[in-house]
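Asks: Could you have a look at this structure, given as structure tokens, before my questions?
The values are calculated or read from the model by the stated rules, or taken from the named source; none is laboratory data. Quantities reported herein were computed from a predicted structural model and do not represent experimental measurements. Surface accessibility is based on the protein's heavy atoms, side chains included, excluding ligands, DNA and RNA. Shrake-Rupley method; radii C 1.70, N 1.55, O 1.52, S 1.80 Å.
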Amino acid sequence: MRRSTVLLLLAPAVVLTLTQTICAQSRPRTTTRLVGRVIDQTRHLIPGVEVLLNGAEVRSTTSASGVFQLQILPSDSTVGFRRIGYHPLVVRIDPLPPVDDTLLVQLETAPIQLSEVTVVGWATKPLRYAGTTKYDEVFLRHNLGLGTLVTREDIESRFGLHTYELLQNIRGVGIWNGPQNRFGLVGCQEWGGWGGVSVFIDGVLQMESDRTSTSGLGEEPPVEMLSRINPADIEMIEVYRGASEIPAVFHWNGCAVIAIWTKWNND
């Protein structure tokens with residue numbers, strides 16, 4: 001019998017180390033059933049350890065209780081053990097161990113050094129809207145650079161104005177105050193300025209303007225359409241000028257869209 005350094009020897013258990021050789025009296029037989037248990041330095045059982053024969057073929061995997069079983073042929077020369085987080089262990093089988101032996105295999109932990117990972121994130125919407133999903137698509141379109149967004153902050157800075165006047169600083173929008181208020185979009189000249197513009201409130205189409213005017217920027221349909229909502233009840237407004245700028249959710253056969261989003265039903 002040949003024997004190298006052994007951490008612990010308890011019949012019928014045998015502890016294996018990195019330099020150990022499984023030793024036993026040679027017995028003439030065709031196969032040997034090898035049973036063992038895998039532990040770490042603290043004697044905790046290790047599940048999921050692959051058990052390989054001859055350095056390549058996986059014959060078994062340890063169970064949740066760290067136990068493995070496999071059949072050994074006389075031609076098998078080595079048995080190996082590997083698992084992520086542990087140093088691999090290879091042991092020579094020369095000669096085959098006794099039939100009644102149970103192997104106690106100890107693996108040493110091998111900390112894995114992971115490459116540095118940098119996680120970059122940014123808010124898709126202001127924190128004040130974290131508790132609602134009503135405006136998520138509005139901010140998505142805004143983050144993609146679509147249209148012009150009039151935020152609640154913009155509205156509060158002009159508090160007291162009529163709803164249609166909230167759009168007066170948007171490029172291409174014209175507003176004229178007088179006995180009959182007028183409202184026009186430069187991009188809609190072929191529709192008569194204001195003709196061809198749709199108004200949506202909370203995603204619902206309210207009105208489609210027709211081509212009723214052909215002079216200058218044109219005259220809007222009744223201003224009451226935009227003024228029916230108190231600016232204090234409006235959370236934000238989207239403005240899309242030109243058919244190519246209108247998102248599919250608002251798409252129709254016209255030149256522009258004004259989408260008003262209220263504070264109502266934002267749970």
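Asks: From the residues in the stretch 20-44 that are open to solvent by less than 50 Å² (accessible area, probe 1.4 Å) and under 19 Å from Ser75 (Cα atoms), which one is modelled with the lowest pLDDT?
Replies: Filtering the stretch 20-44 down to residues open to solvent by less than 50 Å² (accessible area, probe 1.4 Å) leaves 20-24, 32, 34-36, 38-40.
Among the residues that remain, those that are also under 19 Å from Ser75 (Cα atoms) are: 21-24, 32, 34-35.
Working: Thr21: 46, Ile22: 49, Cys23: 46, Ala24: 43, Thr32: 80, Leu34: 86, Val35: 89.
Among residues in the stretch 20-44 that are open to solvent by less than 50 Å² (accessible area, probe 1.4 Å) and under 19 Å from Ser75 (Cα atoms), the one modelled with the lowest pLDDT is Ala24.
Asks: Could you figure out which of (1) assigned to a loop (DSSP other than H, G, I, E, B); (2) open to solvent by 70 Å² or more (accessible area, probe 1.4 Å) isn't true of Gln71?
Replies: Only one criterion is unmet by Gln71, namely (1).
Asks: Inspect all residues belonging to the stretch 45-67 and state whether any of them is open to solvent by 40 Å² or more (accessible area, probe 1.4 Å), of a type in the set (Asp, Glu) and at pLDDT below 90.
Replies: yes
Asks: Could you pull out the residue among Gly121, Gly131, Gly80 that is over 28 Å from the mean Cα position of the chain (by Cα) and either farther than 30 Å from Val249 by Cα or not in a strand (DSSP E or B) (or both)? I'd like the intermediate steps shown before the answer.
Replies: On the way: Gly121 fails: over 28 Å from the mean Cα position of the chain (by Cα); Gly131 fails: over 28 Å from the mean Cα position of the chain (by Cα).
The conditions single out Gly80.
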